[in-house]
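Just so it is clear, none of the values below were taken in a lab; they were calculated from the coordinates. This one's a predicted model, so the numbers in the text were calculated from it and none came from an experiment. Heads up, the Cβs are rebuilt from the backbone with ideal geometry, glycines too, and the neighbour counts pull from every protein chain shown.
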Amino acid sequence: MWNLEAIRREFPILGRTVAGRRLVYLDNAATSQKPRVVLEAIRNHFERSNANVHRGVHRLSEESTEAYEGARRVIARFLGAQGPDELVFVRNATEAVNLVAHAYGDRHLGPGDEVLVSEMEHHSNLVPWHLLARRTGARVRAVPISDEGILDLGALREALGEGRVRLVALTAVSNVLGTRNPIPEVARWAHEAGALLLVDGAQAVPHLPIRFQESGADFLAFSGHKALGPMGIGGLLVRRDLHDRMDPFLGGGEMIREVTLEGATFADPPHRFEAGTPDVAGAVGLRAAVEFLETLGIEAVADHAMRLGTYARRRLQEEVPGIRLLGPVPGPAATGSVVTFDLPGVHPHDIAQGLDRRGIAVRAGHHCCQPLHRRLGLVATTRASFHVFNGEDDVDALVEALVEVRREMTAPAAGAPGTARDAEPADALFREVVMDHYLHPAGREPLEQATVEWEGRNPLCGDHVHLRMRLEDGRIAGLQVDGEGCSISVASGSMMAEHLRGRTLEEARRLLSAVRAMFRGEPLPGDLDLGDVKVLEKVRDLPVRVKCALLAWTTAEEGLDHAGAEVPRTAGEVSDGHA
Ligand code: PLP
């Protein structure tokens, strides 16, 4: 029997409010919340047993070593490894994949060899292979997926059949689509083709029963923080008989047997792959998380995600007009732990922020899956992701809020809950001004005879500004701002159009640098009136969106810098350094 109320009581963070409402946390695929037992295990470790491991000949060091190695035993058993020696502690799934790329890849791959990935991979299971390819001359090749988000197994077998694949690197569960890939079959086919299989288990370990040995996988990478454990600890399972086919990854203390000035011999695995002082408290916390999941029953955890995902998809589809749900329906092909969608006409940033104002945390962006988004013809999406403490009431809150946000972003109804009237005055003014510019942007009229044309992009969320200016006698005589983006980026472009038109180049540059200074929180020249642009200062409360607000201004600055160059010029990008 799934006792949601009892489970919720174990998560202290659920006791807080956000925006005056109960916290509805639906961002578990990014990181999960932590139950009390995890927090207590970490605290208890530091209060009672903290010491460095393995080397000390004193009580605390022995206790700490036992806590660390005991955690390894419990977690390795939970994941169905042959023994604790198959579990290497790392910081996270990313480090685990990098470890394999270096320790195995550098030694065994060379020109002409292939690493086979899929179109649904997280950047953590792509970039390490790109870097390996650069180092070794091997090639990264991707198996396509269907429009529904299912791996093309025929294409995978064909690629394996060509005989150049040395390693298949595949996610068990997609962090965007929730798709489950058939790991045992892929392991068999990979082995028949003489390749190894690395499984990215970052989204599988938190929700599904994993039997590493039975699955046939050779490596399994995961992060503790998505499975109710702390950040900073994760694992790499390595099949025991591969240990001697791998070189050390990082060098230093803990991973050696003997060191001379000329060289070193190395400790037995798994310690050979764990250089330096480990995150003992992290391992202890992850053990507590695993034991918590075991108490609930990992099959019951999987069923819970499936039920919730199914319920969420049904309600969203029925009640949110125009919504496009991504990925397969929960069942054998998908976990249900993530529900990702596109809502045409409403930017994911605006959705996430509108939901945040109602106490609901979701994720907006490309979720570190840019190739997948490109494949789906999208730049950014919105993702709700569940864990054991989520219930149907969380989904109900999401659906209700999403309907409101959609209404607000397409035609704001005065006085509707969550719109400007119930906010504090500065926030209300900000939203009123932004929505007014967003729905009726200035500067959209076609411009004749542009002398400067420039593009700006924010690759993180797909915001895109196309700017055309006509410079005459040292003035901006005409200006047109087009493009696509969230409400803040569009509104900011609209304000800029109103403010720049007719200015001398000197005035324009002064204004542009004042806006940049405003976003950095620096004082503005006393004689400069920014007018309604001043409300954008509020964006500083939401640092991630400063880039949205700056995009048009940066594009104009770059456009002026390149005035006189050929038309059109290539795109500039907003980078972290701009704010
Ligand atoms: N792989 C998948 C499928 C993920 O969802 C994530 C994180 O979102 C990662 C890898 C990387 O995890 P971490 O950032 O903890 O290394």
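Below is a table of values for the structure above.
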item: Cα centroid separation, the range 453-519 to the range 91-144 (Å); result: 41 Å
item: C-alpha long axis of helix 505-520 to longest principal axis of the chain, angle in °; result: 40 degrees
item: Degrees separating the helix 298-319 axis from the principal Cα axis of the chain, which is the longest one; result: 20 degrees
item: The range 160-220: GluC sites (Glu not before Pro) in DSSP coil with no more than 12 other Cβ atoms inside 10 Å; result: 162
item: Sorted by Cβ neighbour density within 10 Å, fewest at the top, the residues 88, 57; result: 57, 88
item: Cα-based shape type of the range 31-147, given that a ≥ b ≥ c are square roots of the gyration tensor eigenvalues and the cut on a/c is 1.5; result: prolate
item: Neighbour-count order for 127, 490, fewest beta carbons within 10 angstrom listed first; result: 127, 490
item: Angle between the chain longest axis and helix 127-136 axis [Cα atoms, degrees, rounded to 10]; result: 70 degrees
item: Amide H contacts of residue 463 (H built 1.01 Å from N, under 5 Å, at least 5 apart or other chain); result: 458
item: Relative contact order (percent, whole number), the range 432-536, Cα cutoff 8 Å, 6+ residue spacing; result: 25 percent
item: Other-chain or far-sequence residues with amide H under 5 Å of residue 143's (modelled H); result: 117, 118, 119
item: Partners for residue 226 among lysines (Cα-Cα distance below 27 Å; same-chain residues under 8 apart left out); result: 34
item: Sequence of 329, 143 once ranked by neighbouring C-beta atoms within 10 Å, starting from the fewest; result: 329, 143
item: Per-residue [θ]222 nm for the chain (sum of -39500 (n - 2.57) over DSSP H runs n ≥ 4, rounded to 500); result: -11500 deg cm²/dmol
item: Considering only the range 19-174, percent of DSSP beta bridges that pair antiparallel, nearest 5; result: 10 percent
item: Beta bridges by DSSP in the chain, antiparallel share as percent, to the nearest 5; result: 65 percent
